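Enquirer: Before anything else, here's the structure in question.
Please treat every number below as a calculation from the coordinates, not as lab data. This one's a predicted model, so the numbers in the text were calculated from it and none came from an experiment. Neighbour counts run over all protein chains shown; Cβ positions are idealised from the backbone, glycine included.
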Amino acid sequence: MPTPSLPGEHLLTSRVLSMQESQTMRISGLASKMKAEGKNIVSLSAGEPDFPTPDHVNQAGIDAINAGFTRYTANSGIPELKKAIVEKFRRDNGLEFEENQIIVSNGGKQTLANTFLALCEEGDEVIVPAPFWVSFPEMVRLASATPVIVNTTLESGYKITPDQLEKAITPKTRILVLNSPSNPTGAVYSETEVRALMKVLEGRGIFVLSDEMYDMIVYGGVSAFSPARVTEMKAWVIVSNGVSKTYSMTGWRIGYLAGPKWLIDACDKIQSQTTSNPNAIAQKAAVAALTGDQRIVEERRAEFEKRRNFMYEALNSIPGFKTALPEGAFYMFPSISGVLGKTWGGRLLKDSADVAEYLLKDHLVATVPGDAFGAPENLRLSYAASIEALEEAVNRIRKAFS
């Protein structure tokens, strides 16, 4: 009888081996390590607001603890929070859902993963426009399906066109992922653009997973239009959102999903066997966030807009950099093709990973390489930082390529 080999990575499943580590988490971790070593790092890598969680939201969490609200809740979320989510959709997005069409999960990532696991099987295809949020393709692979990447360009505003969508559809197509406002590009699809895409899908039995996490962080009078508002496609659209970005609650881990009741029930089943209910205390805090005074949302949005305007002008003034003006979220996604293939500081920079490493190690600026988002000639820079920090970061980047 042959001797079994020693246990190791080779025994992992193909679905895990096919996945990539989150580059955003890796770079943030490396930047944090360098900071702990005493290095003066300016970090533009984090995908979270630099503002604190609002005081009244924190207090709601404290009150929940003091009241002993620390036990299991209903697996899909407390009724009070579902009611607040239904009202948020009506107030902010013009969407009508019933409470039984809502599930609350442990962050937006879980709502998305639940959806892919509920709808996808081996052989299915999921259309993912690029640049994409890093986790979309990996979650699709985890669900044993195949991500079909459709590339967009700076010239197209980083938006997929109806013609591109039509060409990407096959008999195996199960889902179109739409992320608007986009992480990492800040692109926002207009109502006209959304309706044109939905026209392509109408009557074809293809779902739309609409990630709307940044829906309240938009600029220049722009508003995010949900594909769930297209009557002919409403039954085929699943909307993912959460409190993380709008209310600076990334660590509270509350996301929510809205869609057909049969799908929400399926996600409820998956969640019951994986994590069970989301954090009880965080659910109470989320109620306070969604039902409390919303003026803080506008105040912070306006501050993000000032930072966006500064970064747009500053980055476009650096030779080799070219960026679009984002209409939402809090990221710049400049093309850096003008600095690639050249030697800077004794380093030959072949792609965005080389540039990110060079900026971090030699100039103490943390960014995220675009290849993590399917765009190897771009960088993602978060402007969720003070103007002073952004000015310092831009000065260091300009020096790096001077």
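Enquirer: Under a 10 Å cutoff between Cα atoms, tell me which one of Gly345, Gly107, Gly157 has the largest fluctuation in the Gaussian network model of the chain.
Expert: Between Gly345, Gly107, Gly157, it is Gly345 that shows the largest mean-square fluctuation.
Enquirer: How far is the Cα center of region 340-377 from the Cα center of region 72-95, in Å?
Expert: Value for the Cα centre distance between the two parts: 42 Å.
Enquirer: Enumerate the residues in region 65-94 having an amide nitrogen under 17 Å from the point lying 7 Å beyond the Cα of Phe51 toward its Cβ.
Expert: Zone members listed by number: 92.
Enquirer: Can you list the aspartates and glutamates whose alpha carbon sits under 17 Å from that of Lys342, skipping same-chain ones fewer than 8 residues off?
Expert: Here the aspartates and glutamates satisfying the reach criterion relative to Lys342 are Asp351, Asp354, Glu357, Asp362, Glu377.
Enquirer: May I pose another question? Kindly list the residues of region 337-356 that lie in the label zone of Lys399, defined by a backbone N under 19 Å from the point 7 Å along the Cα-to-C-beta vector.
Expert: 344-347, 355-356
Enquirer: Taking a temperature of 37 °C and a viscosity of 0.692 mPa s, what whole-number D in µm²/s does Stokes-Einstein yield for the chain with Rh from Kirkwood over alpha carbon pairs?
Expert: D, rounded to a whole number, is 149 µm²/s.
Enquirer: Taking a ≥ b ≥ c as the square roots of the eigenvalues of the Cα gyration tensor of region 94-193, is the shape rounded (a/c under 1.5), prolate (a/b larger than b/c) or oblate?
Expert: In terms of gyration-tensor shape, oblate.
Enquirer: Evaluate E = 1/(1 + (r/R0)^6) for Leu6 and Gln273, where r is the Cβ-Cβ distance and R0 equals 22 Å; express this FRET efficiency to the nearest 0.05.
Expert: Calculated value: 0.10.
Enquirer: Connecting C-alpha atoms closer than 10 Å in a GNM of the chain, tell me which of Pro171, Pro49, Pro184 has the biggest fluctuation.
Expert: Pro171
Enquirer: Shape call for region 55-291 from the C-alpha gyration tensor, a ≥ b ≥ c root eigenvalues: rounded (a/c under 1.5), prolate (a/b greater than b/c) or oblate?
Expert: prolate
Enquirer: Residues in region 82-119 near a label at Asp63, defined as backbone nitrogen under 18 Å from the 7 Å Cα→Cβ point?
Expert: Flagged as within label range: 82-85.
Enquirer: At a Cα cut-off below 29 Å, give the lysines reachable from Lys284, other chains included and same-chain residues fewer than 8 away excluded.
Expert: Filter leaves Lys82, Lys83, Lys88, Lys109, Lys245, Lys261, Lys269.
Enquirer: Just name one of Ile62, Leu290, Leu197: the one whose Cα is farthest towards the positive end of the charge dipole of region 55-291 (beta-carbon charges, Lys/Arg +1, Asp/Glu -1).
Expert: It is Ile62.
Enquirer: Would you work out the charge dipole size for the chain about its Cα centre, treating the Cβ of every Lys and Arg as +1 and the Cβ of every Asp and Glu as -1, and quote it to the nearest 20 debye?
Expert: Dipole size: approximately 420 debye.
Enquirer: Pick out which of Glu98, Glu122, Glu87 has the largest mean-square fluctuation in a Gaussian network model of the chain, springs linking Cα atoms closer than 10 Å.
Expert: For the chain, modelled as a Gaussian network with Cα springs under 10 Å, the answer is Glu122.
Enquirer: Please say if region 207-251 is rounded, prolate or oblate, where rounded means a/c under 1.5 for a ≥ b ≥ c the square roots of the C-alpha gyration tensor eigenvalues, and otherwise the choice is prolate for a/b larger than b/c and oblate otherwise?
Expert: oblate
Enquirer: Still on this structure, please answer the following. Glu121 to Asp163: FRET efficiency via 1/(1 + (r/R0)^6), r the Cβ-Cβ distance, R0 25 Å, to the nearest 0.05?
Expert: 0.30
Enquirer: Principal axis extents for region 251-402, Cα atoms only, whole Å, descending order, please.
Expert: For region 251-402, the Cα spread along each principal axis is 55, 36, 26 Å.
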